Structure formats: C-alpha cells, structure tokens
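One structure below.
The values are calculated or read from the model by the stated rules, or taken from the named source; none is laboratory data. Note that the structure is a prediction, hence the values are computed from the model and not measured. All Cβ positions, glycine included, derive from the backbone under ideal geometry; neighbour counts span all protein chains shown.
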Amino acid sequence: MTQGTWNVALLQMDIAIGEPERNYAKLEEMLNEAVTNEVKPDVIVIPEMWNTGYALDRIQELADPAGERTRALLSGFSREHGVNVVGGSIAEKREGGVFNTIYAFDREGNEAGDYSKIHLFRLMDEEKFLQSGDKLGRLELDGVPAGMMICYDIRFPELSRKLALGGAQVLFVPAEWPNPRLHHWRTLLMAR
C-alpha cells in the first residue's frame, strides 16, 4: 500500500449454482490470476455466495461446515501471497442453521474479521433458508479500520452509519446484485 491507497482486485465470477467443487476450483484459478497481474493487489474482494450460489433449496447439504474449507483456502492464500482477502461470502453451516458469511484475512493469513448478513432478502425467501447474523462486521487491514456488509444490507443506512461511527474508513459490500437494479446499487454505494 502506498500513501494511503490500495490496489483492489474485485473478482467477478459466473457462479455455478449448487456446484461447490466447480466454484472452489474457479475461485482458486481467479485468485492466482489476480496476484500475477502487472500490479499486485493489496486487497482481493470475492463475490457474495460464491461457494454455492443461491441454491437455497439445497443449501443445508451444500454449505461449508463452520466455514472450514473456505477459511483454510483463503488463509493459506493470503499468507502465501502476502495479500488481504475479503472472502465475499459463503453459505456457512453452523449450529443454528446456514448463514451468509464473509471471512476476511490479512496479509499474514490471520482471520481479520467475519460477518454474517443481517438483513435477509425476503423477495428471494432468504429468511426461509438462512439465518440472520447478529453482529457488526468490523475488521482492520493494513492498519485501516473497515466494515463489511452483504448485498441487501446496503439498503439499511443505520448499519453503515454504525460502522462509520465506529471508525470504519472503508466499507466492503460483496453482492449478487441484479443488473436491472444497477442504478440502485451505485446510488446506495455512494450514499453509504
């Protein structure tokens, strides 16, 4: 990082719905490509629900138990390449159900923070398949305080306000946002 700026790689992938094996393989390929570019990123940000996509009817069987596989992959990658990774979000199975969870790792491979989506999107029946998170997504990368939200969370201003009042200087918001509402996305990101 130079003079208070980051080079950020935003990975976008065509998620294979309900096919974690394909998605993990594709993500590893994309992560390796990101760190071999001419300008190495300081931070890599991955999409929402990249491990399973929104295969909600099968989410119980597809979700990563306690995020173990994802944590191992992203922690090892961060440490090996000396890059911060904001792990988009995954379907994570734990006691109490399945959560839409981000894991973030610093350059040494240490878990810098985690966050589970608080505001579930009822128009997709997320609340029937996923559990809501109950804590703010706070982390620090390279000494910079930051916050994490996921997709629909961005429609709720108090969440970003609490993160900002808590010192967040950067807000990471991975999302599977629909293209027809792209203008909403851009407007909300600027507002937050």
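Only one of the numbered conditions (1) more than 23 Å from residue 8 (Cα to Cα); (2) at pLDDT 95 or above; (3) part of a loop (DSSP other than H, G, I, E, B) is violated by residue 120, and that is (2).
For beta carbons closer than 8 Å, sequence separation of 6+ or different chains, a first residue in the range 173-188 that is in a loop (DSSP other than H, G, I, E, B) and a second that is among the polar types (S, T, N, Q) and surrounded by 18 or more Cβ atoms within 10 Å (Cβ to Cβ), the qualifying pairs are 174/89. For the range 127-165, a residue qualifies if it is loosely packed, with under 12 Cβ neighbours inside 10 Å and either among the β-branched types (Val, Ile, Thr) or under 23 Å from residue 42 (Cα atoms) (or both), and exactly one does: 143.
Conditions tested, residue by residue: (1) outside any helix (DSSP H, G or I); (2) farther than 17 Å from residue 150 by Cβ.
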residue	(1), (2)
49	yes, no
54	yes, no
57	no, yes
70	no, no
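Restricting to the range 147-165, count the residues that are outside any helix (DSSP H, G or I) and over 16 Å from residue 114 (Cα atoms).
1
Provide a single number: the residues in the range 74-104 that are closer than 20 Å to residue 37 by Cα and either within 16 Å of the chain's Cα centre (by Cα) or assigned to a strand (DSSP E or B) (or both). Show your work before the answer.
Of the range 74-104, the ones closer than 20 Å to residue 37 by Cα are 74, 76-87.
From what's left, either within 16 Å of the chain's Cα centre (by Cα) or assigned to a strand (DSSP E or B) (or both): 74, 77-78, 83-87.
Going through the range 74-104 one residue at a time, the tally reaches 8.
Checked against (1) surrounded by fewer than 18 Cβ atoms within 10 Å (Cβ to Cβ); (2) farther than 16 Å from residue 151 by Cα, residue 31 passes all but a single condition, namely (1).
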